[in-house]
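Input: a single structure, listed below in structure tokens.
The values are calculated or read from the model by the stated rules, or taken from the named source; none is laboratory data. Keep in mind the model is a prediction, meaning the values are calculated, not measured. Cβ sites come from the backbone with ideal geometry, for glycine too, and all protein chains shown count toward neighbours. What goes into the accessible areas is simple: the full protein's heavy atoms, side chains included, and nothing from ligands, DNA or RNA. Shrake-Rupley method; radii C 1.70, N 1.55, O 1.52, S 1.80 Å.
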Amino acid sequence: MHRIQKFISQRNRLAALALILPALALGACSKQEAAESEKGRPVLVAAVHYTSQSPERSFVGTIRPRIETDMGFRVPGKVAKRLVEVGQVVDVGQPLATLDEVDLKLQAEQAEAEFRAATGVLAQATAAEGRARELRAKGWSTEAQLDQVKAAGDEARARLNRAERSVELTKNSLSYANLVADTRGVVTATLVEPGQVVASGQTAVRVARSAEKEAVVAIPETLVGFAKTGEASVTLWSEPGKKYMAKLREIAPAADPATRTYLAKFSLPGADDAVSLGMTATLTLADPATERVARLPLSALFSQGGGPSLYVADSKTGDVVLKPVTVKAYETADVLVTSGVEEGANVVVLGVQKLDPAQKVRVVSSLSF
């Protein structure tokens with residue numbers, strides 16, 4: 001009898017425990033759901049970014065000077081000194097190289113001596129011409145003798161004129177022995193060394209003007225028209241975050257026979273000291289006439305008969321706002337939006353049909369499993 005009563009009491013305790021455990025489990029689930037509700041419902045978002053509807057085209061190019069001058073001596077001679085090195089910045093009037101001036105000075109002295117001799121001959125001819133005129137006036141000389149004296153005087157004056165020009169030329173030649181820069185720029189090549197004998201006009205130093213820089217790229221023939229009408233900008237590989245506006249200055253009239261591309265030169269009016277010659281750059285061409293649109297997934301679109309809308313989530317406050325938008329076009333998996341949401345706004349892209357504007361959300365930028 002005692003065993004029977006003990007068995008009944010154990011059975012009653014088990015039955016009570018079976019009733020209590022589900023209640024405790026339901027209470028725990030309710031607390032977990034409440035905690036999750038306080039944190040906010042997680043929603044997947046995508047940032048709005050407006051770009052041109054027509055795709056941009058990018059090309060790799062090189063920064064080059066617009067004008068690169070091969071500078072040489074205007075007279076032949078032997079190089080005495082080279083005063084610059086490759087990469088050196090030179091200013092207007094700065095000496096680049098000099099020639100040996102010994103022969104040029106001798107030529108200048110010879111011209112001076114010829115000038116003095118011509119001056120003496122002219123003085124003698126002028127005196128003889130005066131005496132001939134006086135004798136002819138008194139009848140003691142013939143007209144032929146007077147003409148002969150006049151011719152000698154004309155020849156003496158011409159000789160003096162030639163001597164004057166020769167002096168000027170030799171002075172200029174002596175000044176040409178110093179090769180100076182005629183513009184501010186950077187030395188890109190030195191092609192002579194001291195002791196070398198150079199000819200007149202032979203390239204001695206190559207100087208690139210630093211005031212005007214341009215980006216040189218190769219354009220395929222299918223995009224030549226786009227290069228002429230598109231809006232160009234340049235970014236440097238060394239500073240990808242900085243953009244420089246570019247303008248097409250020149251495009252080759254014929255394609256390169258090997259690559260079948262056209263060499264295009266874009267001027268950079270806003271180039272600063274950060275743009276150095278020889279740098280690698282990226283040239284981007286965009287269509288200025290095309291409309292700017294934001295490409296978003298079709299799943300982000302919400303409509304209840306009042307037109308297309310998007311849910312914009314605030315990552316700080318957890319609020320969601322339904323905003324009507326203007327749709328440009330529908331594609332297979334995307335929608336093109338032209339207005340209604342701001343640049344950089346977080347748009348909910350999944351589960352928009354289950355959202356409630358009064359509900360708090362938690363912004364999630366990517367799915368995780």
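Here the accessible area of segment 190-306 is 52 percent carbon and sulfur, with a 1.4 angstrom probe and all protein chains present. Distance from the alpha carbon centroid of segment 70-131 to that of segment 253-300 works out to 51 angstrom.
Protection proxy ranking, highest mean first, for peptides 96-103, 271-278: 96-103, 271-278, where packing is the per-residue count of other beta-carbon atoms within 10 Å, averaged. Dividing the mean sequence gap of close Cα pairs (under 8 Å, 6+ apart) by how many residues the chain holds gives a relative contact order of 26 percent. Compute the long axis of helix 143-175 from its Cα atoms, compare it with the longest principal axis of the Cα atoms of the chain, and write down the angle in degrees, 0 to 90, nearest 10. For helix 143-175, the angle is close to 30 degrees.
Cα-based radius of gyration for the chain, normalised by 2.2 N^0.38 Å, reads 2.19. For the chain, the per residue solvent-accessible surface stands at 62 Å², with DNA, RNA and ligands left out and a 1.4 Å probe.
Taking only protein heavy atoms and a 1.4 Å probe, the accessible area of segment 74-174 is 53% carbon and sulfur. Among the listed pairs 78/171; 150/171; 242/265, those with a Cα-Cα distance over 24 Å are 150/171. Taking the alpha-carbon distance from residue 81 and a cut-off under 20 Å, which lysines remain once sequence neighbours fewer than 8 residues away in the same chain are dropped? Straight-line reach from residue 81, under 20 Å: 105. Of all DSSP beta bridges confined to the chain, the antiparallel ones make up roughly 95%.
Annotation: lysines with alpha-carbon distance below 26 angstrom to residue 316 (same-chain offsets under eight excluded): 31, 39, 354, 360. Taking Cα atoms only, the orientation of helix 2-39 departs from the longest principal axis of the chain by about 30 degrees.
Given the options 135, 191, 248, which has the most mean-square fluctuation in a GNM of the chain, springs set between C-alpha atoms less than 10 angstrom apart? Per the Cα network of the chain with a 10 Å cutoff, 135 tops the list. Do the sum for the chain: with -39,500 (n - 2.57) for every DSSP H run of n ≥ 4, divided by all residues, what is the mean residue ellipticity at 222 nm, to the nearest 500 deg cm²/dmol? After summing the helix terms and dividing by the residues of the chain, the value is -11000 deg cm²/dmol.
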